[in-house]
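Visitor: After the structure tokens below, expect a handful of questions from me.
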Amino acid sequence: MKRKYANIIDRKSGITYFVLNLINTISVGDHFARLEIQGLDRLPDGPYILIANHSSRWDGPIVQQVIQRPANYMVSPTELKGLQGLLLRAIGAFPADPRADLLPFMRKQVSRKEPIVIFPEGDVYRDGSTHQFKKGAARIALLCASENLDVPVVPMAISYSRTRPEIVRVLIGDSIDVADRIGAYRQKPIQTMHTLSLQLHREVCHLRAELGSIKDRETVFEGKPVRSWAHHALM
């Protein structure tokens, strides 16, 4: 039986982007005392896959405030329901659905030079650790590279102060080219995705450590594992 794939529809428009981006700018400016950005010059002019830690519901608005471009945000399908879903789709959200036909969507967005934003942890974790990455970001990066689409991966770290009003610090790392992994990906796709996911996780952990995250510093430099159950203690 032939498997059916769902088409991904881009529901952004110039008008909805302008209005929602303006609202986003006002909201971020009103909620936070200051947004400090390091490495802004490392963002490519063309398309790229941006990956970041996910420790707050503000992460998406902060990323949008940083990049200031129409972008595409991979989110859980459950978040695309009702009024929230309409708003998220209008600013560029698309579902993290394994049944989705990613390649035509990626080709179209790459031709428009639009970034793809992914929070590879999947969920929001507020325990101070950057948790293990799911394979979605690695899969998309390798899929693009295997189709000769030039889409580097850009790691980003986001850190929130504990002061009131809050200060947000963002550190952007150097782009990662995955083209040299295509041979391995064609022979051992799952293993290659897993290996790349580990590398991407460590890149973000390094950036978070530079922003002062003690737990991420332990993960990177002392080899202490991130406890996947730790966030439950704070819920």
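Visitor: Sum -39500 (n - 2.57) across every DSSP H segment of at least 4 residues in the chain, then divide by the residue count to get the 222 nm mean residue ellipticity, nearest 500.
Guide: -12000 deg cm²/dmol
Visitor: Here is a follow-up. Do you know the relative contact order of the stretch 12-98, to the nearest whole percent, from alpha carbon pairs under 8 angstrom that are 6+ apart?
Guide: Worked out over the stretch 12-98, it gives 39 percent.
Visitor: Subtracting the Cα-Cα distance from 0.36 nm times the residue separation, let me have the gained length for residue 126 to residue 81 in nm, one decimal.
Guide: Length difference between fully extended and current span is 13.8 nm.
Visitor: With springs connecting C-alpha atoms under 10 Å apart, model the chain as a Gaussian network and identify which of 173, 183, 46 has the largest mean-square fluctuation.
Guide: In this elastic network of the chain, the residue with the biggest mean-square fluctuation among 173, 183, 46 is 183.
Visitor: Separate question: Name the residue farthest towards the positive end of the dipole of the chain from the options 65, 137, 43, assuming +1 on Cβ of Lys and Arg, -1 on Cβ of Asp and Glu, about the Cα centre.
Guide: 137
Visitor: Follow-up. Taking the chain as a Gaussian network, where each spring joins two C-alpha atoms under 10 Å apart, which residue of 22, 103, 35 fluctuates the most?
Guide: So, out of 22, 103, 35, the one fluctuating most is 22.
Visitor: Ok, one more. Mark the label point 7 Å from the Cα of residue 221 along Cα→Cβ and return the residues of the stretch 152-174 whose backbone N is within less than 17 Å of it.
Guide: Label zone hits: none.
Visitor: Give me the percent of DSSP beta bridges within the chain that run antiparallel, rounded to the nearest 5.
Guide: 25 percent
Visitor: Quick one: if the Förster radius is 22 Å, what FRET efficiency do residue 187 and residue 111 give, using the C-beta to C-beta distance and rounding to 0.05?
Guide: Working from the Cβ atoms, E equals 0.15.
Visitor: OK, next. Given Cα pairs under 8 Å that are at least 6 residues apart, what percent is the relative contact order of the stretch 84-235?
Guide: 24 percent
Visitor: Applying the Karplus parametrisation 6.51 cos²θ - 1.76 cosθ + 1.60 with θ = phi - 60° to the phi angles of the stretch 193-207, what ³J(HN,Hα) value in whole Hz is obtained for each residue in order, glycine and proline being reported as x?
Guide: Karplus-based 3J(HN,Hα) across the stretch 193-207 equals 4, 5, 5, 5, 4, 4, 5, 4, 4, 5, 4, 5, 4, 4, 5 Hz.
Visitor: Determine the gain in length on full extension of the stretch residue 41-residue 68; use 0.36 nm per residue of separation and subtract their C-alpha separation, reporting nm with one decimal.
Guide: Length difference between fully extended and current span is 8.4 nm.
Visitor: Still on this model: May I ask for the distance between the Cα centers of the stretch 173-206 and the stretch 72-140, given as a whole number of Å?
Guide: 18 Å
Visitor: Here's a follow-up. Which FRET efficiency, nearest 0.05, do residue 7 and residue 177 yield, Cβ-Cβ r, R0 25 Å?
Guide: Result of the calculation: an efficiency of 0.30.
Visitor: Above 24 Å lies some portion of the pair distances; for the chain, what is it as a whole percent of all C-alpha pairs?
Guide: The proportion of pairs with Cα distances above 24 Å equals 45 percent.
Visitor: Please name which of 110, 87, 128 has its Cα lying farthest along the dipole of the stretch 1-145 towards the positive end, using unit charges on Cβ (Lys, Arg +1; Asp, Glu -1) and the Cα centre as origin.
Guide: Sorting the options by dipole projection puts first 110.
Laboratory data are not the source of any read-out in this text; all were calculated from the coordinates shown. This structure is a prediction, so every number in the text was calculated from the model and none was measured. Neighbour counts are summed over all protein chains in view; Cβ atoms, including those assigned to glycine, are modelled from backbone coordinates with ideal geometry.
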